[in-house]
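The values are calculated or read from the model by the stated rules, or taken from the named source; none is laboratory data. Given the structure is predicted, the values throughout are model-derived calculations rather than measurements. In this analysis, Cβ positions are derived from the backbone assuming ideal geometry, glycine residues included, and neighbour counts consider all displayed protein chains.
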Amino acid sequence: MVLTHDVETKAGLNRVKQLAELEIRLGFRSSFNFIPEADYRVSQELREWLKANDFEVGVHDLHHDGKLYLTEGSFRKKASKINCHLKDWNAVGFRSGFMLHRLDWLHDLNILYDSSTFDTDPYEPQPDGMGSIYPFWVPHSSPARRKPQSEGSPGLCVHNSDLAGSGYVELPYTLPQDSTLFGYLGEKTIDIWKRKLAWLADKGGMALLNTHPDYLIFDNQKPGRISFRASLYQEFLEYLKSEYSSICWRALPRDVATWVRSLSPELRPGVRRKACMLSYSFYESDPRVRRYAETLARHGDLVHAISLRKPGSPERDIINGVRVYRIQTRQKDEKSQLQYLFRMFRFLFKSTRLLALPHFMQIYDLIHVHNPPDFLAFAALLPKSRGAGVILDIHDIVPEFYANKFSSSGNSLIVKALKWVEKKSAQAADHVIVSNHIWHERIINRTVSADKASVFINHVDPSIFSVRQKTRNDGKFTIVFPGGLFWHQGVDIAIRAFGKAQRELPQMQFDIYGGGQGKARLVDLIKELGLEDKVLFHNGVPLDQVPDIIANADLGVVPKRADSFGNEAYSTKIMEFMSQGIPVIVSRTKIDSFYFNESDVCFFEPENVDELADRILYLARNREQREILSRNGLAYAQRNNWGNKKKEYLDLVDSIIQRSIRK
């Protein structure tokens, strides 16, 4: 149990002794953090009195004006002054004003610990919580955004050579602050403190509380806007003493930090990289975006995702450790090119504005932008100017995608303009990822140099697509298609082929999961063919549920058209079917012939309804062939899944961040 106090005004300074005496009577000690260059002056006499009574004194910001981390250059100058105050006060702890934090910059301070963060607190101006109820070590070398001290002045006031440059301990607060609890939320009791304390004790965590004598009302004192009675704090201490004395360590921050610092290096968690996924898609159902984001989150990094919002979804969410910001609602009902582009530009404006906010712009080491559209890379320009590395991830090559979607000529003015935008967007990024080798060759021929581009195909993530057991046993032979209902996907071809095949095998059923522009047309087609009781539409489901749906099917189908876009667009669905050991029939497109052969999948000629119907009947009647494709496909997915490829991505992220640091 760690008690801390921030003293922000002269009124708070006048209450320090009274608060300390209250704690002494109840057998507690705490740390008081003072602003060294504030409107008040903390006397040496008060500091010495606190230390003589076993309290700790720490440094709270420099001016407490919210500008400490405005630029890295200005911070280094302020760090030099802060170090002098640390030396003058013989202090080893620091906390920023307003809980703003840049953990990588704080290596310029000669401190044992920092306490400017929290486990989670959405009410803070910089709300990126550490997600931890434990203290952790922040080593100087990971990732090193700092310059050697010989190049600057922050080391001039070193008063403890053991602390200078070696790293420091981070102590996040884990109990809500008094100002939040009593001032902003209007609580009248300490019940929330009690409940959180019980949870922390159950987890064996650190209960760190930060209160302000500025807001405490002792007898006959005038209440302020967010003040609360000192008797509430006294009640909390008495409750803590009666309920937890036998199981908690009452420690000063420096005691906890000294203990953490003594741990062996291999037990010290490193600095978390801070990454943002920016995508004009629905995060929860976008496997490519989620794969990157959750890989970084599992690696211990802080990850945000800025995405679209489905009607009814929350604007903010946390999914598998990734904080999701859904900034724009979208229904896929665009009727024209202008409407389609307008919505994308609106998302660009909103994401640019969000990333320009100080508490977003200053925290990111990496912005990973996903297309389409390519021009979304421009939203990252301001964070990039502050040192963030930028990746442009080309899921789909936009000029060809646009020409296909709106039946435009490849030589039309707008397609030429999109190629120009593609080039400028790639130039705005530090690195370009392309989703398959065919497009990679095209991109390096027309857009970027080969050393600036790499390929990451849509490997399935084994943490999501682990092998599931089949639970359906209804005697039906079920074919499934999970995905977007767009023209290039060729779902209408599959429906027509299914209609022919089911005449010979009436026990077959075709389940389609997803939505998109083509759904209404497909519904009409099903009615026209009289297949309403055989072809069943289902709403799209979260990515986590897709493996169960596939595992309960007997056959998968990927019936893409071999048009200008579909012929070269890699389909993740093939690998998803393989991951569950489900045989799959695939249109023989250029891209799928590049990656797969007849031993992995069952091919049919694109748009050939009769041949697809024959392939469906062949596999439905031939269990042995289905089992061969199942074994081979599962082996292929296990050789080529994301678990075997993610190190390449993590290494790429490291190299981009390091290059950005050197710039």
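So GLN545 clears everything in (1) assigned to a helix (DSSP H, G or I); (2) more than 14 Å from GLN509 (Cα to Cα); (3) in contact with a helix residue (DSSP H, G or I) (Cβ under 9 Å, 6 or more places away or on another chain) except one condition, right? Which one?
In the conditions (1) assigned to a helix (DSSP H, G or I); (2) more than 14 Å from GLN509 (Cα to Cα); (3) in contact with a helix residue (DSSP H, G or I) (Cβ under 9 Å, 6 or more places away or on another chain), GLN545 misses (3) alone.
Residue-wise test of (1) in a helix (DSSP H, G or I); (2) at pLDDT 90 or above; (3) not assigned by TED's automatic domain parsing to the domain that holds VAL586.
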| residue | (1), (2), (3) |
| --- | --- |
| ARG615 | yes, yes, no |
| TYR618 | yes, yes, no |
| GLU627 | yes, yes, no |
| ARG631 | yes, yes, no |
| TYR636 | yes, yes, no |
| LEU652 | yes, yes, yes |
| ILE657 | yes, no, yes |
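Report the residue count in region 384-401 for those that are part of a helix (DSSP H, G or I) and touching a residue at least 40 places away in the same chain (Cβ under 8 Å).
Counting residues in region 384-401 that are part of a helix (DSSP H, G or I) and touching a residue at least 40 places away in the same chain (Cβ under 8 Å) gives 3.
When residues of region 586-606 are filtered for being assigned to a loop (DSSP other than H, G, I, E, B), in contact with a Gly (Cβ under 7 Å, 6 or more places away or on another chain) and within 12 Å of SER571 (Cα to Cα), how many remain?
1
Return a yes/no flag: does region 283-290 have any residue that is outside the structural domain of PHE378 (by TED's automatic domain parsing), at pLDDT 90 or above, touching a strand residue (DSSP E or B) at 6+ places or on another chain (Cβ under 6 Å) and closer than 30 Å to GLY515 by Cβ.
Yes, because at least one residue in region 283-290 is outside the structural domain of PHE378 (by TED's automatic domain parsing), at pLDDT 90 or above, touching a strand residue (DSSP E or B) at 6+ places or on another chain (Cβ under 6 Å) and closer than 30 Å to GLY515 by Cβ.
Checking the structure you have, find out if any residue of region 89-109 is more than 21 Å from GLN126 (Cβ to Cβ), part of a helix (DSSP H, G or I) and in contact (Cβ under 8 Å) with a residue 40 or more places away in the chain.
Yes; the residues of region 89-109 include at least one that is more than 21 Å from GLN126 (Cβ to Cβ), part of a helix (DSSP H, G or I) and in contact (Cβ under 8 Å) with a residue 40 or more places away in the chain.
Which ones in region 449-493 are β-branched (Val, Ile, Thr), farther than 30 Å from MET508 by Cβ and in contact (Cβ under 8 Å) with a residue 24 or more places away in the chain?
ILE457 - this is the single residue of region 449-493 that is β-branched (Val, Ile, Thr), farther than 30 Å from MET508 by Cβ and in contact (Cβ under 8 Å) with a residue 24 or more places away in the chain.
Looking only at residues in region 170-216 that are of a type in the set (D, E, K, R), modelled with pLDDT of 90 or more and under 27 Å from the mean Cα position of the chain (by Cα), which one is nearest to ILE247 (Cα to Cα)?
LYS196
Take the residues in region 505-540 that are touching a residue at least 60 places away in the same chain (Cβ under 8 Å) and among the aliphatic types (A, V, I, L, M), then tell me which one is farthest from MET575 (Cα to Cα).
The residue in question is LEU505.
With the condition kept exactly as written, say whether any residue in region 572-581 is surrounded by 24 or more Cβ atoms within 10 Å (Cβ to Cβ) and in a loop (DSSP other than H, G, I, E, B).
The answer is yes, given that some residue of region 572-581 is surrounded by 24 or more Cβ atoms within 10 Å (Cβ to Cβ) and in a loop (DSSP other than H, G, I, E, B).
Which one of the conditions (1) assigned to a loop (DSSP other than H, G, I, E, B); (2) over 32 Å from the mean Cα position of the chain (by Cα); (3) free of Cβ contacts under 8 Å to residues at least 12 places away in the same chain does VAL42 fail to meet, given that it meets all the rest?
(3)
Pull out all pairs, ordered by first then second residue, where Cβ-Cβ is under 7 Å, the residues are six or more apart or on different chains, the first lies in region 335-353 and is of a type in the set (Val, Ile, Thr) and at pLDDT 75 or above, and the second is assigned to a helix (DSSP H, G or I) and surrounded by 12 or more Cβ atoms within 10 Å (Cβ to Cβ).
Pairs found: THR352/ALA379.
Residues that are among the charged types (D, E, K, R), modelled with pLDDT under 85 and in contact with a strand residue (DSSP E or B) (Cβ under 8 Å, 6 or more places away or on another chain): does region 253-267 have at least one?
Yes, some residue in region 253-267 is among the charged types (D, E, K, R), modelled with pLDDT under 85 and in contact with a strand residue (DSSP E or B) (Cβ under 8 Å, 6 or more places away or on another chain).
Being buried (at least 18 other Cβ atoms within 10 Å of the Cβ) and not hydrophobic (A, V, I, L, M, F, W, C) narrows it down to one of TYR618, TYR636, so name that one.
Checking each option against the conditions leaves just TYR636.
Restricting attention to region 64-93, which residues are among the hydrophobic types (A, V, I, L, M, F, W, C) and closer than 30 Å to LEU357 by Cβ?
The answer is LEU68, LEU70, PHE75, ALA79, ILE82.
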